[in-house]
Amino acid sequence: MGRADPEEGQLPAPVKPPDGGWGWIVLLGCFVITGFSYAFPKAVSVYFKELMKDFHVGYSDTAWISSIMLAMLYGTGPVCSIMVNQFGCRPVMLIGGLLASSGMILASFTTNIIELYLTAGVLTGLGMALNFQPSLIMLGTYFDKRRPLANGLAAAGSPVFLSSLSPLGQVLLEKFGWRGGFLIMGGLLLNCCTCGAVMRPLDMGMKRKMEKAQDKYEAKEMLPIGGKSEEGISTTDGTKKAKKVKKKPKKGKKLLDFSIFSNRGFIIYTISKFILVLGLFVPPILLVNYAKDTGVPDTEAAFLLSIIGFIDIFARPACGMVAGLKWVRPHVAYLFSFAMLFNGLTDICSARASNYTGLVIFCVFFGISYGMVGALQFEVLMAIVGSQKFSSAIGLVLLIEAFAVLIGPPSAGRLVDALKNYEVIFYLAGSEVVLSAVFLAMATYCCLNRGKKEPPPEKNPSAGGGSDTEEAESDVQEAEEHSSDNHQPTHSTDNAVVAASEEANHVAEEQSGEGGGCPEGDGQVLAQDGCNADQTVERDSF
């Protein structure tokens, strides 16, 4: 996607992730945003009975509030990608926090269910979408080596907030009614603005200041006399302006990069994720009613979801730690396939559970597998496309998932109404999850591993997003051009060229993989061991 300047409304050039420092504050913000995004649509369900009484509507009418929130969260992915690529993560998150809060505040003054759809559903859902996606992008920017652990910790925000927002909503409903509860919930969503404010982009300004100071110092060294020195400084500034004019054609940035569809790994991931979502959310949605039909009391049936949430809290960080191990991370796609297979088999084996003990055992294993899937899903996507194209990739993936969300759970509900049998639904949902796991593992092994053996095709670096090494090499060329423009082969100019060359070599060594072959990178990566230095290959494997 090329190099861009923050002052031009574009994302900053790629820099080495610090894997700590301010990144832990970014991780905390992502934890809060993830919790609100996934838990809030479920937490508002505690107000549904009061809404049914005040607006004289049915349960299905009020359930559309949560459905619209989730549809906005998934379906507006490309819109979020375009806004992030144009304005950056922090402004988009600040706007999203204001929209989410204002939606719930306005919902407290509504007089009919349609107004609730537009305020609590559309406005709040859009605001949470504008927070969720940029927070994941910033997390991938600040973490590289510890990224699996960071993704696992951030994903743990979903079960933590779900276990806290629902009881809080019940307390607010009892003391202030649903209007007061919506108003206070809107105030809580203003914390999304705080989380957006801490999403500080990795700044390249210091590097530019050093380069500017070095150019002025070199001009003074070459022309020490007063008038000539000023002339030399003006000549250097004119040369820098000329270089900026030359750079402008390279700074074009796509608002939504569709070139990721040429990546076979992304295509495989998208198909498997679509199949996964068809059945992943069905068991927890139907679990309570399934338990009640088997004779379990209402309070004990509701406690089953608490068991899943409690196990989920610990499963996600633990899975992130495992995925970050040196011998596991190169094969994280297979770990993701195992998590999906584990989840699908859990659904199938629980279909015949006929007592409360069997359902508790199902909830324990489902919480583990569900947490593994939640911790790995975005880590695998980051590993496929890299951080530079992740903003476009996640938007397109969420849009595709939106269709699966609108197909899977509603279809399962209709089958339950028609067949009056939950076993068939659990078998069907488990089979869909197992199919997605088998497809991802087989396609990764057959297609991508076979593709690695083929010679890497040559590709024009200017067509897509260059790596850090390519940018360092461009700095070498710029330094050489600067030297030829001045027509003075001074010692300081030669040092600039040598320093830029050493920078290119240093970045290339940092990007080399742990094993043999070509190293991993974002978008396009520099080839190694048999690949020429000027040759790039498209990253199409995990």
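A few remarks follow.
- Test: A353 is outside any helix (DSSP H, G or I), surrounded by 17 or more Cβ atoms within 10 Å (Cβ to Cβ) and at pLDDT below 90: yes
- Filter pass, L335 being at pLDDT below 90 and in a helix (DSSP H, G or I): no
- Scanning segment 381-431 for residues that are of a type in the set (V, I, T), within 19 Å of the chain's Cα centre (by Cα) and more than 18 Å from Y74 (Cα to Cα) yields I384, V385.
- Residue ID - surrounded by the most Cβ atoms within 10 Å (Cβ to Cβ), chosen from residues in segment 288-309 that are closer than 29 Å to A155 by Cα and among the β-branched types (V, I, T): I308
- Any hit, segment 106-126, residues being touching a helix residue (DSSP H, G or I) at 6+ places or on another chain (Cβ under 7 Å), of a type in the set (F, W, Y) and open to solvent by 10 Å² or more (accessible area, probe 1.4 Å): yes
- For V380, the test of being more than 22 Å from C349 (Cβ to Cβ), assigned to a helix (DSSP H, G or I) and open to solvent by less than 10 Å² (accessible area, probe 1.4 Å) is passed.
- Among residues that are closer than 30 Å to C446 by Cα, of a type outside the set (K, R), in a helix (DSSP H, G or I) and open to solvent by less than 10 Å² (accessible area, probe 1.4 Å), M340 is included.
- Enumeration of residues in segment 67-76 that are under 15 Å from A120 (Cα atoms) and open to solvent by less than 30 Å² (accessible area, probe 1.4 Å): M69, L73
- Extreme residue, most open to solvent (accessible area, probe 1.4 Å), among residues of segment 52-66 that are under 34 Å from the mean Cα position of the chain (by Cα) and touching a residue at least 24 places away in the same chain (Cβ under 8 Å): W64
- For segment 53-64, filtering for residues that are modelled with pLDDT under 85 and in a helix (DSSP H, G or I) leaves 6.
- For segment 405-448, filtered to residues that are assigned to a helix (DSSP H, G or I), of a type in the set (S, T, N, Q) and open to solvent by 50 Å² or more (accessible area, probe 1.4 Å), the residue that is farthest from I275 (Cα to Cα) is S411.
- Residue list for segment 99-146, restricted to those being among the polar types (S, T, N, Q), in contact with a Gly (Cβ under 8 Å, 6 or more places away or on another chain) and at pLDDT below 90: Q133
The values are calculated or read from the model by the stated rules, or taken from the named source; none is laboratory data. In this text the structure is predicted, and so the values were computed from the model without any measurement. Please note: Cβ atoms are built from the backbone with ideal geometry, for glycine as well, and neighbour counts cover all protein chains shown. Just so you know, the surface numbers come from the protein's heavy atoms only, side chains and all, with ligands and any DNA or RNA stripped out. Shrake-Rupley method; radii C 1.70, N 1.55, O 1.52, S 1.80 Å.
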